[in-house]
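In what follows, a structure is listed as structure tokens, so that the remarks can point back to it.
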Amino acid sequence: MGYRDVAKVGLGGPVGSGKTALVKRLVPELVERDYEVGVIANDIMTQEDADVFRETFADLLPADLVEGVETGACPHTGIREDPSMNLAAVDEFTERHPELDVVLIESGGDNLAATFNPELADYFLFVISVAEGEDIPRKRGPGVTQADLLVVNKTDLAPHVDADLDVIEADASEVRGDDPFVFTDCKAGEGIGDVLEHVEREVLFA
Ligand SMILES: Nc1nc2c(ncn2[C@@H]2O[C@H](COP(=O)(O)OP(=O)(O)OP(=O)(O)O)[C@@H](O)[C@H]2O)c(=O)[nH]1
């Protein structure tokens with residue numbers, strides 16, 4: 001894939017929903033499938049997530065394909081209103097690695113309203129967690145309704161927080177209409193194949 005058609009995949013969602021955990025699961029699978037992958041981590045004030053990724057992916061990705069973008073107080077500004085810092089990072093990646101196929105862009109944790117600027121992300125995953133309660137899909141936040149793929153993570157915690165996955169499934173179906181959603185347990189690695197199937201079909205094979 002050339003400079004112009006590197007696929008940009010955004011991951012947004014509330015603080016702690018599992019965006020980092022999902023990226024950690026997706027990157028090895030993508031590399032295994034022979035894709036050249038870059039990762040950008042947006043963080044409010046630190047490079048913490050980027051440092052974690054560099055360490056986690058030390059054997060999988062060149063260190064210069066992991067970048068941290070510090071967004072300041074408002075985490076969605078960098079992915080929605082003014083994505084210039086993120087786009088500059090993508091440009092640097094593609095200049096250094098013209099063979100790059102896909103860049104995963106993790107947003108800083110935010111609320112249910114965070115969405116990606118379409119210029120920044122060709123495909124946008126919104127990650128929520130069942131641990132915050134089964135009624136999140138019903139709240140119809142823009143992330144939940146507008147994302148290309150809704151990822152409902154931490155299914156393993158459902159029994160511990162009295163969240164009923166059948167209720168979440170019914171609500172997500174209603175709120176999303178024909179748009180897809182998947183359940184994941186990033187701790188055990190469940191559902192990762194489903195996420196990849198959507199990303200490959202909609203973005204990488206498109
Ligand atoms: N039990 C369980 N824990 C998970 C799962 N996914 C993530 N976690 C844990 O939840 C915590 C938060 O996960 P992260 O991946 O850091 O969440 P995040 O959305 O990147 O968080 P921010 O970047 O701070 O917004 C960590 O302690 C993870 O280990 C899951 O599917 N099940």
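Each value in this text was obtained by applying a stated rule to the coordinates, not by laboratory testing. Note that the structure is a prediction, hence the values are computed from the model and not measured. With ideal geometry, Cβ positions are generated from the backbone for all residues, glycine too; neighbour counts draw on all protein chains shown.
Data for the structure
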| quantity | calculated |
| --- | --- |
| Gain in span if fully extended, Ile44 to Glu95, counting 0.36 nm per residue against the direct Cα distance | 15.8 nm |
| Met85/Glu32 FRET efficiency (R0 25 Å; Cβ-Cβ; nearest 0.05) | 0.25 |
| Environment charge of Gly38, counting only residues whose C-beta is closer than 10 Å and scoring Lys/Arg +1, Asp/Glu -1 | -3 |
| Among beta bridges that DSSP assigns inside segment 7-204, antiparallel share in %, nearest 5 | 5 |
| Mean-position separation - Cα centroids, segment 1-76 and segment 124-179, in angstrom | 23 |
| Space enclosed by the convex hull of the alpha-carbon atoms of the chain, per residue, Å³ | 108 |
| Virtual paramagnetic centre 7 Å along Cα→Cβ of Asp166, amide N under 18 Å, in segment 113-145 | 134-135 |
| Cα gyration tensor shape of segment 154-206, rounded if a/c is under 1.5, else prolate or oblate by comparing a/b with b/c | oblate |
| Using θ = phi - 60° and Karplus 6.51 cos²θ - 1.76 cosθ + 1.60, couplings along segment 138-153 (whole Hz; Gly, Pro as x) | 5, 6, 6, x, x, x, 5, 8, 9, 4, 5, 9, 8, 10, 9, 9 |
| Total charge dipole magnitude, the chain, about the Cα centre, Cβ charges on Lys, Arg, Asp, Glu only, Debye to nearest 20 | 280 |
| Spin-label model distance (nm) - Leu60 vs Asp135, 7 Å beyond Cα toward Cβ | 3.7 |
| Contact order relative to length of the chain, as percent, for alpha carbon pairs under 8 angstrom and 6 or more apart | 27 |
| Around Gly133: net Lys/Arg minus Asp/Glu count, Cβ-Cβ under 12 Å | -3 |
| Using alpha-carbon coordinates, inclination of helix 165-176 to the longest axis of the chain, degrees | 60 |
| Too-long pairs where the Cα-Cα distance tops 20 Å, listed order kept, from Lys19/Lys187; Lys8/Lys139; Lys19/Lys154 | Lys8/Lys139 |
